[in-house]
Amino acid sequence: MSTKHEKLAFRLVCILERLNLGQRLNVQELADEFKTDKRTIQRDLNERLGFLDWHEKGTYYSLNKMRLGHLDKKDIEQFARFCSIQDLLPEIDRKFYQQQLIQSVQVKGLAYEDIKHKLDDFNLINQAIETRHLIEFNYRKVGQKEGKYYTLEPYILLNRNGIWYVIGIDREENKQKTFCFTQMVAISCLAITFEHNPELLKNIQANDSIYHGNQLSEILIKINANVAPYFLRRDLLPNQEIVDEMESGELLLKCRHVNEMEIVPIVQYWIPHATIVSPVELQQKMEQKLREYLNR
């Protein structure tokens with residue numbers, strides 16, 4: 001790919017990543033950042049990315065709220081590569097590949113929770129994040145009869161596996177916490193602002209885990225050879241890293257800064273092909289729960 005197309009692909013990756021996270025993009029600010037003119041950015045958005053499901057177009061651009069979080073890293077790279085060379089393709093080919101890309105995202109989106117009935121709350125939180133205002137809400141955890149009121153510095157609305165979460169700093173405990181959006185009720189935006197920590201937001205965005213502030217430093221998992229290709233094809237575990245590809249075909253994977261509840265259910269799904277090597281107590285606890293389940 002030429003340097004021109006590489007620069008274009010890089011710019012589109014950056015734009016797509018921000019749109020996917022729910023950011024509202026300003027055309028002039030993008031032009032200044034990428035050292036190009038407004039017409040080029042408008043062409044990126046209106047033509048190269050014109051087949052996306054837009055919520056807002058004009059001076060500002062944002063995606064339909066129901067489409068946020070649907071793209072993973074590979075989707076974004078695929079979009080960017082295609083869009084950077086689509087001008088070289090005949091029109092009939094461009095339309096065909098655009099339709100294939102859109103269909104791919106639509107299929108993946110079928111499993112996403114429906115939040116239409118809470119769009120006002122979604123927009124309220126999104127606005128509070130942009131203006132850096134505290135929010136207050138009542139939250140009842142699964143299995144609890146009564147909820148509790150929280151005051152939160154909201155940093156991000158994040159979609160993981162089709163579920164929306166709000167991550168921020170709990171004012172009472174001064175600690176990072178994650179809340180399932182649909183379990184938040186009586187949400188209000190307070191007049192009080194908070195000091196934004198850009199490094200915290202960067203760490204949240206770079207981490208696959210949603211359990212910020214309540215994580216294990218490292219978990220090692222061994223994967224049998226007959227299912228190893230699935231884990232090589234894409235990351236099936238949060239913060240997945242390959243430690244060793246053994247001659248037998250087995251894999252040793254490492255997941256750093258994750259909560260055990262993000263790992264154990266996946267390992268259970270892949271039984272008997274996956275085993276937690278370290279910490280060994282985690283494997284033992286999982287096995288004990290399975291024995292209790294089988295002895296019911």
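The values are calculated or read from the model by the stated rules, or taken from the named source; none is laboratory data. Bear in mind the structure is a predicted one, so any value in this text is a computation, not a measurement. Here the Cβ is made from the backbone with ideal geometry for all residues, glycine too, and neighbour counts use every protein chain on show. Calculation scope for accessible area: heavy atoms of the full protein, side chains included, ligands and nucleic acids excluded. Shrake-Rupley method; radii C 1.70, N 1.55, O 1.52, S 1.80 Å.
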TODO: Return the carbon/sulfur percentage of the accessible area of segment 196-296, one whole number, probe 1.4 Å, all protein chains in place.
DONE: 49
- [ ] Considering the options ILE204, ALA191, ILE223, tell which one lies farthest towards the positive end of the dipole of segment 113-242, charges being +1 on Lys and Arg and -1 on Asp and Glu at the Cβ, about the Cα centre.
- [x] ILE223
- [ ] Using DSSP to define loop residues, name the GluC sites (Glu not before Pro) in segment 126-156 whose beta-carbon has at most 12 other beta-carbon atoms within 10 Å.
- [x] GLU146
Open item on the list: Counting only other residues whose beta carbon sits under 15 Å from that of GLU287, what net charge do I get with K and R as +1, D and E as -1?
Closed with: +1
Open item on the list: Roughly how far apart, in whole Å, are the Cα centres of segment 207-277 and segment 150-171?
Closed with: 24
Task: Global geometry of segment 163-296, whether rounded, prolate or oblate, following the gyration tensor of its Cα atoms and the 1.5 cut on a/c - done: prolate
TODO: Give the accessible surface of segment 191-263 per residue, rounded to a whole number of Å², with probe radius 1.4 Å and ligands, DNA and RNA excluded.
DONE: 57
TODO: Could you tell me which of rounded, prolate or oblate describes segment 10-59, using a ≥ b ≥ c as the square roots of the eigenvalues of the alpha-carbon gyration tensor, with rounded for a/c under 1.5 and, failing that, prolate when a/b is larger than b/c and oblate otherwise?
DONE: rounded
Open item on the list: With a 1.4 Å probe and all protein chains left in place, how much of the accessible area of segment 1-64 comes from carbon and sulfur atoms, in whole percent?
Closed with: 44
Open item on the list: Students often get this wrong, so check it: of LYS177/LYS222; LYS177/LYS202; LYS7/LYS35; LYS118/LYS141; LYS118/LYS148, which have C-alpha atoms separated by over 22 Å?
Closed with: LYS177/LYS222
TODO: Could you tell me which of rounded, prolate or oblate describes segment 201-271, using a ≥ b ≥ c as the square roots of the eigenvalues of the alpha-carbon gyration tensor, with rounded for a/c under 1.5 and, failing that, prolate when a/b is larger than b/c and oblate otherwise?
DONE: prolate
- [ ] Just need the relative contact order of segment 213-294 here, percent rounded to a whole number, with Cα pairs under 8 Å and 6+ apart.
- [x] 37
